[in-house]
Amino acid sequence: MALPAPVFHRQLDKLDRGIAEGSLELLLPNGRARLLGGRADGPAAVVDLRSWRALLRLALEGSSGWYEAWAAGEWASPDPVQLFALFSRNRAGLAGPARATGPWRLAKRLWHWARRNDRSGSRRNIHFHYDLGNDFYRPWLDAGMTYSSACFLEPGQTLEAAQQAKLQAMLDRTAAAPGETILEIGCGWGSFAELALRQGRRVHGITLSTEQKAWAEARTAGFDGASFALTDYRDVTGYYDAVVSIEMAEAVGRQYWPAYVAAIARALRPGGRAALQVITFDDALFEGYASNVDFIQRYIFPGGLLIRESEFRRLAASNGLEWRDRVAFGLDYAETLRRWRENFDAAAAARLLPAQFDARFVALWRYYLIYCEGGFRGGGIDVVQATLVKEG
């Protein structure tokens, strides 16, 4: 039996109270309009709520349910980025309504636990996301195949130039001299390795993705000092002059953060530097986030978890690593995601994505790019670079 409309109006009342900045203009299933928020400047979102069932899904399953409602055609928006930016900006007031409840929450937590990043789980989870195939990622990433936030240093900069600026900033953080060897934990498709090799460094890259390893090896085949291996970070041996890890920590999981930071410290020679780029979640709301399972964990990256920066800093200190030169640039990630989405849409329209990915899968990934862009625009998530220096 369908729930009576007044129940959903009470849910909307709760959402309204949680919106301190920005507004949400709703067209309700009964044809009426309702404005939530509007008390202070902020993102202005518009949603055509076509079925009350969308609110039921949101109440029971949080952000996963809201995606499922969208996929079922139960709501639509002319600009979903603004909606997710609104949710992100008002994250404190909307934290409760955006998370699963009751048995759905328990079921999601059990599912997430089953996808934890022990050695076998890490390989499975990395395969799920990154081994969709190089032909899937190539049409919408930049020509350098860099799948992490760019650094836009000037107006009108191309995505590829902004990615090169990011990679150069990470190399500069290591202070590695020509001839020295850098360990890259999570080497992606080898864009950092190629840049470092071109500037005379040696690079040993590790990954769990067979697709990425093959691409990285092919692009660096003409360089001396390049090596890549399918190696878990927990199994790294030997000393290196520097370490780089770009948006790999989010795939580790909180249970394994101590092992990840310890692996960095163990690999560095005394006085060596590690350059990290990580995606962070609002520290004050982290426990609530970590105790739930969101849309990305459920549908895009099982086993993943964004970083609590304060916790990472404590782990670094306990492993003899000094956290230096922090820089945050979340709006650059929002712009990176916008560029990716434009490329993704163009690739889909031109039928450049592999044929095995059906329309539902393509729509899911478009939603993912929109969802993340809104999160960065609203400030609930951020991207940070930092240098970790090992005690001499």
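The values are calculated or read from the model by the stated rules, or taken from the named source; none is laboratory data. Everything quoted here is computed from the prediction, not taken from an experiment. Reconstructed Cβ throughout: ideal geometry from the backbone, glycine too, with neighbour counts over all protein chains shown. We work out accessible area using only protein heavy atoms, side chains counted, and drop any ligands, DNA or RNA first. Shrake-Rupley method; radii C 1.70, N 1.55, O 1.52, S 1.80 Å.
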Among the helices (runs of 4 or more DSSP H) contained in segment 279-392, which hold 2 or more residues that are surrounded by fewer than 18 Cβ atoms within 10 Å (Cβ to Cβ)? 286-290, 309-318, 330-349, 359-378
Restricting segment 210-250 to residues that are part of a loop (DSSP other than H, G, I, E, B) and either open to solvent by 60 Å² or more (accessible area, probe 1.4 Å) or on the phi > 0 side of the Ramachandran plot (or both), the one modelled with the lowest pLDDT turns out to be G222
Pick from segment 266-278, criterion touching a Lys or Arg at 6+ places or on another chain (Cβ under 7 Å) and open to solvent by less than 10 Å² (accessible area, probe 1.4 Å), ranking: farthest from E391 (Cα to Cα): A275
Of the conditions (1) open to solvent by less than 40 Å² (accessible area, probe 1.4 Å); (2) of a type in the set (G, A, S); (3) on the phi < 0 side of the Ramachandran plot, A33 fails just one. Which one is it? (1)
Given (1) farther than 24 Å from L364 by Cα; (2) of a type in the set (A, V, I, L, M); (3) touching a residue at least 12 places away in the same chain (Cβ under 8 Å), identify the lone condition not met by L49. (1)
Residue list for segment 221-256, restricted to those being free of Cβ contacts under 8 Å to residues at least 60 places away in the same chain, of a type in the set (S, T, Y) and in contact with a strand residue (DSSP E or B) (Cβ under 8 Å, 6 or more places away or on another chain): S227, T231, Y233, Y239, Y240
What residue, among those in segment 54-80 that are in contact (Cβ under 8 Å) with a residue 24 or more places away in the chain and more than 25 Å from the chain's Cα centre (by Cα), is most open to solvent (accessible area, probe 1.4 Å)? L56
Scan segment 166-186 for residues that are in a helix (DSSP H, G or I) and of a type outside the set (D, E, K, R) and jot them down. L167, Q168, A169, M170, L171, T174
Consider segment 171-230. How many of its residues are farther than 23 Å from A161 by Cβ and of a type in the set (D, E, K, R)? 6
If you go through segment 287-325 one residue at a time, how many are of a type in the set (K, R), in contact with a helix residue (DSSP H, G or I) (Cβ under 8 Å, 6 or more places away or on another chain) and modelled with pLDDT of 95 or more? 1
Residues being surrounded by fewer than 17 Cβ atoms within 10 Å (Cβ to Cβ) and either under 15 Å from L58 (Cα atoms) or modelled with pLDDT of 95 or more (or both): count how many of those fall in segment 18-30. 4
Filter segment 172-192 for residues that are open to solvent by less than 10 Å² (accessible area, probe 1.4 Å) and within 21 Å of the chain's Cα centre (by Cα); which is farthest from R124 (Cα to Cα)? F192
For segment 141-165, pairs from a residue that is part of a helix (DSSP H, G or I) to a residue that is among the basic types (K, R), with Cβ under 6 Å and 6 or more apart or across chains, are L159/R339
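Let's see how each residue does on (1) closer than 22 Å to D131 by Cα; (2) over 22 Å from the mean Cα position of the chain (by Cα):
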position	(1), (2)
E194	yes, yes
L197	no, yes
I206	yes, no
A221	yes, yes
D224	no, yes
F228	yes, yes
Y233	yes, no
R269	no, yes
In the set F152, F128, F136, the lone residue that is among the hydrophobic types (A, V, I, L, M, F, W, C), open to solvent by less than 10 Å² (accessible area, probe 1.4 Å) and out of contact with any strand residue (DSSP E or B) (no Cβ under 6 Å at 6 or more places or on another chain) is F136
